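Report on the structure given below.
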Amino acid sequence: MTKTISCNFTNEGCEWSAESTRNDDDELMSKIREHILSHHKEFELNSENIENIKSHIKVTKRFWWWG
């Protein structure tokens, strides 16, 4: 499985996205946190916003022939 997220949760037209091929929430949230702190400093990372961000994470199953 792969988890992905795009930076559409800030509604600023940002085209950033991230992927975790290890199906690891911590890895993906670390990438998101790093992106927000460097590109969206006005966005507050409180518990409500973090839950909202997590709701935008998509889970995709990969088949063995796709890698």
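Can you name the residue in segment 27-57 that is in contact with a Ser or Thr (Cβ under 8 Å, 6 or more places away or on another chain) and of a type in the set (D, E, K, R) and, of all such residues, is modelled with the lowest pLDDT? The extreme case among them is 27.
Whenever a residue of segment 19-41 is on the phi < 0 side of the Ramachandran plot and hydroxyl-bearing (Ser, Thr, Tyr), its partners that are outside any helix (DSSP H, G or I) and surrounded by fewer than 16 Cβ atoms within 10 Å (Cβ to Cβ), lying with C-beta atoms within less than 6 angstrom and at least six residues away or across chains, give the pairs 21/2. Note on segment 42-65: residues that are within 19 Å of residue 2 (Cβ to Cβ) and free of Cβ contacts under 8 Å to residues at least 40 places away in the same chain amount to 5.
Only residues that are more than 13 Å from residue 53 (Cα to Cα), out of contact with any helix residue (DSSP H, G or I) (no Cβ under 8 Å at 6 or more places or on another chain) and of a type in the set (A, V, I, L, M, F, W, C) were counted in segment 1-42, giving 2.
Note on segment 7-26: residues that are modelled with pLDDT under 90 and either surrounded by fewer than 16 Cβ atoms within 10 Å (Cβ to Cβ) or of a type in the set (D, E, K, R) (or both) total 12.
The values are calculated or read from the model by the stated rules, or taken from the named source; none is laboratory data. Note that the coordinates shown come from a computational prediction; the quantities given were computed from them, not determined experimentally. Note: ideal-geometry Cβ built from the backbone for every residue, glycine included; neighbour counts use all protein chains shown.
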